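S.K.: This structure is in structure tokens; I'll ask about it shortly.
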Amino acid sequence: MSLRTPLARARGLGSAKDGTPHWWMQRVTAVLLAPLSIWFLLCVLPMLAADYADARVWLAQPLNALLILAFALAVIYHALLGVQVVIEDYIHTRWIEVALLTSIRLIAFLAALATSLAIVRIAVGG
Amino acid sequence: MSVQRPLSPHLQVYQLQLTSTLSILHRITGLWLCLGSIALICWIVSLAAGPEAYAGFDDFAHGWGGKVVVVVSVFALCYHLGNGIRHLFWDAGRGFDLKTTYASGYAVVAFAIIATGGILFLLGGAR
């Protein structure tokens, strides 16, 4: 038998109260990614087969640099939110779950930095 | 697992239907697109790093591994895009009745197959 009051036992056991921003940002990035994905499939994908000089000139154009930066960052954010839910759904060992959730955050952070630096470098001709 | 309480029916007691198949396919294509995204980031970073690095990416992209990543990612993106828009309509509270759910499901599958074919056809012409 616990000496704690029913109220004390119930406190802190509610929801984490931070689910809505996760859900909402998944949708916000989805709305941004829908038109950008069509642009990516039609305009960027053919450039993957281009040679170095052509690809570099193409990506250095301001609009292309802006759109691909927006696409890459939105993809990384959207993917991070999605993979987080998959991990939470299927990984039931708490320490592995926390380790994976931390890892994907670090990977997403580094991927966003690397992509941003690379695009800026190409766009300003460094 | 030594849970003593009654458990809800597990996945295997349900008959696989179009709706559930498309639902899990949304998640699988999403996970696969992580791989496609990594390839895209490698393309951008190698392009910034210089001609040698870019040649390394090119070798990978034109090998069979690269081709599999590209072809499957194109399908995954077409499907995830189509089904994602279907999800956005659901989020807005529309298209929830069974008839519409099935119709939009078939429409998404048709869109994904046709769009994948069209884009791969265009890509073949670009090379």
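The values are calculated or read from the model by the stated rules, or taken from the named source; none is laboratory data. Because the structure is predicted, anything quoted here is derived from the model rather than measured. For neighbour counting, all protein chains shown are included, and Cβ atoms are generated from backbone atoms with ideal geometry for every residue, glycine included.
S.K.: Regarding A:Val98, is this residue assigned to a helix (DSSP H, G or I), surrounded by 12 or more Cβ atoms within 10 Å (Cβ to Cβ) and either under 13 Å from the mean Cα position of the chain (by Cα) or more than 10 Å from chain B (Cβ to nearest Cβ) (or both)? Break it down into steps so the answer makes sense when it comes.
M.R.: Working: assigned to a helix (DSSP H, G or I): yes; surrounded by 12 or more Cβ atoms within 10 Å (Cβ to Cβ): yes; either under 13 Å from the mean Cα position of the chain (by Cα) or more than 10 Å from chain B (Cβ to nearest Cβ) (or both): yes.
Yes; evaluated as a whole, the condition is true for this residue.
S.K.: Among residues belonging to segment B:87-119 that are more than 11 Å from every other protein chain (Cβ to nearest Cβ), touching a helix residue (DSSP H, G or I) at 6+ places or on another chain (Cβ under 7 Å) and assigned to a helix (DSSP H, G or I), point out the one that is nearest to A:Pro46 (Cα to Cα).
M.R.: Filtering first and then ranking leaves B:Ala112.
S.K.: Of all residues in segment B:95-107, which are at pLDDT below 95 and closer than 21 Å to A:Val31 by Cβ?
M.R.: B:Gly95, B:Phe96
S.K.: The conditions are (1) within 21 Å of the chain's Cα centre (by Cα); (2) small (Gly, Ala, Ser); (3) more than 8 Å from chain B (Cβ to nearest Cβ), and A:Ala60 fails exactly one of them. Which is it?
M.R.: Exception for A:Ala60: condition (1).
S.K.: Looking at B:Trp64, B:Trp43, B:Trp32, can you tell me which residue is exposed (fewer than 15 other Cβ atoms within 10 Å of the Cβ) and of a type in the set (A, V, I, L, M, F, W, C)? Working first, answer last.
M.R.: Details: B:Trp43 fails: exposed (fewer than 15 other Cβ atoms within 10 Å of the Cβ); B:Trp32 fails: exposed (fewer than 15 other Cβ atoms within 10 Å of the Cβ).
Testing whether each residue is exposed (fewer than 15 other Cβ atoms within 10 Å of the Cβ) and of a type in the set (A, V, I, L, M, F, W, C) leaves just B:Trp64.
S.K.: Please give the helices (runs of 4 or more DSSP H) falling wholly within segment A:4-89 in which 1 or more residues are exposed (fewer than 12 other Cβ atoms within 10 Å of the Cβ) and of a type in the set (Lys, Arg). Give the derivation first.
M.R.: On the way: elements: A:6-10, A:19-39, A:52-60.
Per the criteria, A:6-10.
S.K.: Here's another thing I want to ask about it. Any residue that is surrounded by 13 or more Cβ atoms within 10 Å (Cβ to Cβ), closer than 29 Å to A:Ile119 by Cβ and not charged (D, E, K, R) - is there at least one of those in segment B:100-111?
M.R.: Looking through segment B:100-111, none of the residues is surrounded by 13 or more Cβ atoms within 10 Å (Cβ to Cβ), closer than 29 Å to A:Ile119 by Cβ and not charged (D, E, K, R).
S.K.: Which ones in segment B:63-86 are β-branched (Val, Ile, Thr) and either within 16 Å of B:Leu122 (Cα to Cα) or not in a helix (DSSP H, G or I) (or both)? Talk me through it step by step, then tell me what you get.
M.R.: Filtering segment B:63-86 down to residues β-branched (Val, Ile, Thr) leaves B:68-72, B:74, B:85.
Matches in segment B:63-86: B:Val70, B:Val71, B:Val72, B:Val74.
S.K.: Looking only at residues in segment B:29-44 that are within 10 Å of the chain's Cα centre (by Cα) and without any contact (Cβ under 8 Å) to a residue 24 or more places away in the chain, which one is farthest from A:Ala108 (Cα to Cα)?
M.R.: Step one: filter segment B:29-44 for residues within 10 Å of the chain's Cα centre (by Cα), giving B:29-34, B:36.
Checking which are without any contact (Cβ under 8 Å) to a residue 24 or more places away in the chain leaves us with B:31, B:34.
Working: B:Leu31: 14, B:Cys34: 11 Å.
Top of the filtered list is B:Leu31.
S.K.: Of B:Leu31, B:Leu122, which residue is facing chain A (nearest Cβ under 9 Å), over 22 Å from A:Leu73 (Cα atoms), in a helix (DSSP H, G or I) and of a type in the set (A, V, I, L, M)? If you could, list the steps in order and put the result at the bottom.
M.R.: Numbers: B:Leu31 fails: over 22 Å from A:Leu73 (Cα atoms).
It is B:Leu122.
S.K.: Starting from segment A:26-44, take each residue that is within 21 Å of B:Ile119 (Cα to Cα) and list its partners that are among the β-branched types (Val, Ile, Thr), counting only C-beta distances under 6 angstrom and pairs at least six apart or across chains.
M.R.: Within 6 Å, the pairs are A:Leu41/B:Ile119.
S.K.: Among the residues in segment A:42-58, are any under 30 Å from B:Ala55 (Cβ atoms) and in contact with a Ser or Thr (Cβ under 8 Å, 6 or more places away or on another chain)? I'd like the intermediate steps shown before the answer.
M.R.: Going residue by residue through segment A:42-58, those that are under 30 Å from B:Ala55 (Cβ atoms) are A:42-58.
Imposing the further condition that a residue be in contact with a Ser or Thr (Cβ under 8 Å, 6 or more places away or on another chain) reduces the set to none.
Taking every residue of segment A:42-58 in turn, none turns out to be under 30 Å from B:Ala55 (Cβ atoms) and in contact with a Ser or Thr (Cβ under 8 Å, 6 or more places away or on another chain).
S.K.: Still on this structure, please answer the following. Has segment A:78-92 got at least one residue that is more than 10 Å from chain B (Cβ to nearest Cβ), more than 11 Å from the chain's Cα centre (by Cα) and in contact (Cβ under 8 Å) with a residue 24 or more places away in the chain?
M.R.: No, that holds for no residue.
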